[in-house]
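The values are calculated or read from the model by the stated rules, or taken from the named source; none is laboratory data. None of the values given here were measured: they were computed from a predicted structure. Glycine gets a Cβ as well: all are built from the backbone with ideal geometry, and neighbour counts include every protein chain shown. Heavy atoms of the whole protein, side chains included, go into the accessibility calculation; ligands, DNA and RNA do not. Shrake-Rupley method; radii C 1.70, N 1.55, O 1.52, S 1.80 Å.
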Amino acid sequence: MSAKTLKSEVAAAAVATSGCGPEGVEVVEGAEVEQAFGRLEHLYAQLPAMEEKGAALARARSAATVDGLAKAAAYRAAELVRADALVTEAEARVSAAEAEGEQAAGEARLALMAAGTQRGLRVGPAQNAEQALARALEASPFDTVEEARAALLPAESFAALAAEVEAYQAAYAKALAVCQQLEDCEEPEGLEQSTAS
């Protein structure tokens, strides 16, 4: 796309937001205008590469989300396994205590109820964590947690990529705004001719 075509597109977009009247017209050197549109054209030329980097960043973010939820689900599942083990131990103690007498059996039953309560408190969070992981996988471009983990970026690489994409987006938005402002405040040639006649 040429600078002239890009300038025309910016001008068309600027018509809707034009707020400059004759008193708002700024005298801008032709070199400044060319420099502003040259900067925008340069950034536009980088757009396909930056779109690829943006897609890579989105993929890495999705992978990090899936990985974090997988770790949370594994932690909750491990808590539930430990709680199940405590219930099993408590049940074994109840069986052994019943042979010893009613007082020992009563204490063992209380321990079993406490273990059962602790297990019950861990069922919901474990199920919720699994469901959150399943939803994240479904929304991601990955089929499995392993596939997501293979797409993880090292922290430094992730931070550098995010900074590069964000800097490009900010530079592009700024350059586009400058060009739109120049177009908005540029006096149309027809107006100059009509006032001269």
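Placing dummy labels 7 Å off each Cα toward the beta-carbon, the span from Ala170 to Val123 is 5.1 nm. Each listed q (0.14, 0.17, 0.22, 0.23 Å⁻¹) maps to a log10 I(q)/I(0) for the range 33-145 from the Debye sum over equal C-alpha point scatterers, namely -0.74, -0.85, -1.06, -1.10.
Simple rule: put +1 on each Lys or Arg Cβ and -1 on each Asp or Glu Cβ in the range 118-157, find the dipole, and look at Gln127, Phe142, Pro154; the Cα lying farthest toward the positive end is Gln127.
In the context of the full protein assembly, Ser62 retains an accessible surface of approximately 30 Å², using a probe radius of 1.4 Å and ignoring ligands and nucleic acids.
As an exercise, find the ratio Rg/Rh for the range 119-172 from alpha-carbon atoms, using the Kirkwood inverse-distance average for Rh. List each step's numbers first, then the result.
Numbers: Rg = 16.8 Å, Rh = 14.0 Å.
Ratio of gyration radius to Kirkwood radius: 1.21.
For the range 49-54, 3J(HN,Hα) computed residue by residue from phi via the Karplus equation (6.51, -1.76, 1.60; θ = phi - 60°) reads 5, 6, 5, 4, 5, x Hz, glycine and proline entered as x.
The label-point distance for Glu32 and Glu91, in a model that sets each label 7 Å from Cα toward Cβ, rounds to 8.2 nm. Net length available on complete extension from Asp143 to Ala177 is 8.2 nm, with 0.36 nm assigned per residue and the Cα-Cα distance removed. On full extension, the segment bounded by Ala56 and Ala104 gains 11.0 nm, given 0.36 nm per residue less the C-alpha separation. Residues in the range 177-182 carry Karplus couplings, in order, of 5, 4, 5, 5, 5, 4 Hz; the curve used is 6.51 cos²θ - 1.76 cosθ + 1.60 with θ = phi - 60°, and Gly or Pro positions show x. Taking each residue as 0.36 nm, the span from Leu47 to Ser157 lengthens on full extension beyond its C-alpha to C-alpha distance by 37.6 nm.
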